[in-house]
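The values are calculated or read from the model by the stated rules, or taken from the named source; none is laboratory data. A quick note: this is a predicted structure, and the numbers were derived from the prediction, not measured. Here the Cβ is made from the backbone with ideal geometry for all residues, glycine too, and neighbour counts use every protein chain on show.
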Amino acid sequence: MEQKLSEAFTKEELVRYSRHLLIPEFQLKGQFRLKNSKVLVVGAGGLGSPVLFYLAAAGVGQIGIVDGDSVDESNLQRQILYDSATVGKVKAAEAEHKIKLLNPHLKTAIFHRWLRSDNALEIIKEYDLVIDGTDNFPTRYLVNDACVILGKPLVYGSIFQFEGQVTVFNLVEKDGTRGPNYRDLFPEPPPPGLVPSCAEGGVLGVLPGIIGSMQANEAIKILTGIGTTLSGRLFIFDALNFESVTLKISKNPDLPPIEKLIDYEEFCGIKDHDVSSNGQNVTVQQLAEWIREGVDFKLIDVRDAYEYEIADIGGDKINLSDIEHAIERIPVDQRVIFYCRSGKRSAEAIQRIKKVKPLTNLFNLKGGILAYIEEIDSSLKRY
């Protein structure tokens, strides 16, 4: 049997994977299972980088990469697949290039697009296992539901500031039952804007390396059939204090069955969600028009001081943390437009002000300075 398995590998592959082959629980049988497996990685960013590197190095036979983004300079602090020379290039293509340099024996497929309800089932159905490296709730629910419908195991990870989480969803256990899925842990999404993304709240650069490596480890155990996975357990890691806790996840028998994909932005309350509490948003096109026409308004930037050095469209500077103490600086007799990087912090600024003083002249710049750079002035630096 061992001789037959060894014939499935070239001499170069046997040398490459020799440290795996020495492990009693792994050996040729485990390596053969990896070679014949297909893994889809959704998101080639902070989590996807270590996941892709380690799966490629381990010898997973076929890897699919789904990511609709391009490399941005702000990615380089944590997304180790990329370097300065790749800024502006397609992430999925660059990720494929890097992992094939690491292991030319791989078969790869790239999907330079966002995963959506109209393409998720078609993409995922070809793979044995899915790894979620995304950073937003609509896509997490979408990936989960597609995996449940198709009967695919899902390795989940998430990161924020100093905290990371890892678990395994929808895995067929040894007794034949299927483990819990994402909806058993989070039946309903949080209110829009309650949980900031890494782009708004930040993330320690090494954290995705730690959590992504754990995701790769879970995937390898599932594919080879060795060890005990995190199915039914949520591992939470605090990098700041180097503490961890493992929580039990149980299936919720009261949840309705997942039978079809839905509109996940609507489900998460994001579609048509007005992040300002009084419905007054201003688009970057409107702002540019007001500037051209000389409309009377006050512009207020609520970002952190270092952000002004990267890109600035003017206005008074009042940090979000100081907003309640600076209300007297906000005019009551002219339009006031608040902005930040993406529109979330400025929306929060408006909400905080209105709790203290019910002003009706406050506007939020929709999409923030990022939208302004994208739509109005590309000479400014994106971050």
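Filter region 332-383 down to the residues that are in contact with a Leu (Cβ under 9 Å, 6 or more places away or on another chain) and aliphatic (A, V, I, L, M) and list them by number.
V332, V336, I337, A349, I350, I353, L365, I369, A371, I373, I376
Between a residue in region 129-147 that is in contact (Cβ under 8 Å) with a residue 12 or more places away in the chain and any residue that is of a type in the set (F, W, Y), which pairs come within a Cβ distance under 6 Å, given they are 6 or more apart or on different chains?
D132/Y156; P138/Y264; Y141/Y264; L142/Y264; N144/Y182
If I226 satisfies every condition in (1) more than 22 Å from D184 (Cβ to Cβ); (2) β-branched (V, I, T); (3) free of Cβ contacts under 8 Å to residues at least 24 places away in the same chain but one, which is the exception?
The failed condition is (3).
Looking only at residues that are of a type outside the set (D, E, K, R), within 12 Å of the chain's Cα centre (by Cα) and not in a loop (DSSP other than H, G, I, E, B) in region 108-140, which one is surrounded by the most Cβ atoms within 10 Å (Cβ to Cβ)?
The selected residue is I131.
Return the residues of region 271-305 that are of a type in the set (A, V, I, L, M) and either modelled with pLDDT of 90 or more or surrounded by fewer than 17 Cβ atoms within 10 Å (Cβ to Cβ) (or both); say none if nothing qualifies.
If we filter region 271-305 for residues that are of a type in the set (A, V, I, L, M), which is where we start, we get 275, 282, 284, 287-288, 291, 295, 299-300, 302, 305.
Scanning region 271-305 gives V282, V284, L287, A288, I291, V295, L299, I300, V302, A305.
May I ask you to say which residue of L47, L55, L28 is under 13 Å from A95 (Cβ atoms) and touching a Leu at 6+ places or on another chain (Cβ under 9 Å)? Full working, then the answer.
Details: L47 fails: touching a Leu at 6+ places or on another chain (Cβ under 9 Å); L28 fails: under 13 Å from A95 (Cβ atoms).
That would be L55, the only listed residue that is under 13 Å from A95 (Cβ atoms) and touching a Leu at 6+ places or on another chain (Cβ under 9 Å).
What about Q77, is it out of contact with any Ser or Thr (no Cβ under 7 Å at 6 or more places or on another chain) and surrounded by fewer than 21 Cβ atoms within 10 Å (Cβ to Cβ)? First the steps, then the outcome.
Numbers: out of contact with any Ser or Thr (no Cβ under 7 Å at 6 or more places or on another chain): yes; surrounded by fewer than 21 Cβ atoms within 10 Å (Cβ to Cβ): yes.
Yes: the conditions hold for Q77.
List pairs: first in region 172-187 and assigned by TED's automatic domain parsing to the domain that holds C147, second at pLDDT below 95 and part of a helix (DSSP H, G or I), Cβ under 9 Å, 6+ apart or cross-chain?
F186/F137
Among the residues of region 242-261, what is the count of those that are more than 15 Å from P180 (Cβ to Cβ) and in contact (Cβ under 8 Å) with a residue 12 or more places away in the chain?
Count: 3.
Return yes or no: is E13 surrounded by 10 or more Cβ atoms within 10 Å (Cβ to Cβ), farther than 30 Å from K91 by Cα and touching a residue at least 24 places away in the same chain (Cβ under 8 Å)? Break it down stepwise before answering.
Numbers: surrounded by 10 or more Cβ atoms within 10 Å (Cβ to Cβ): yes; farther than 30 Å from K91 by Cα: no; touching a residue at least 24 places away in the same chain (Cβ under 8 Å): yes.
No; evaluated as a whole, the condition is false for this residue.
Is there a residue in region 346-353 that is surrounded by fewer than 18 Cβ atoms within 10 Å (Cβ to Cβ) and either outside the structural domain of F137 (by TED's automatic domain parsing) or within 29 Å of F137 (Cα to Cα) (or both)?
Yes, that holds for at least one residue.
Among the numbered criteria (1) of a type outside the set (S, T, N, Q); (2) under 18 Å from N217 (Cα atoms); (3) in the same structural domain as P208 (by TED's automatic domain parsing); (4) assigned to a loop (DSSP other than H, G, I, E, B), which one does G88 miss?
Answer for G88: the failing condition is (2).
Within region 226-331, considering only strands (runs of 3 or more DSSP E) that don't extend past its boundaries, which have at least 2 residues that are touching a helix residue (DSSP H, G or I) at 6+ places or on another chain (Cβ under 8 Å)? Working first, answer last.
Details: elements: 233-238, 243-248, 297-301.
The qualifying strands (runs of 3 or more DSSP E) are 233-238, 297-301.
Before we move on, is G209 on the phi > 0 side of the Ramachandran plot and modelled with pLDDT of 95 or more? Let's see the steps before the verdict.
Working: on the phi > 0 side of the Ramachandran plot: no; modelled with pLDDT of 95 or more: yes.
No.
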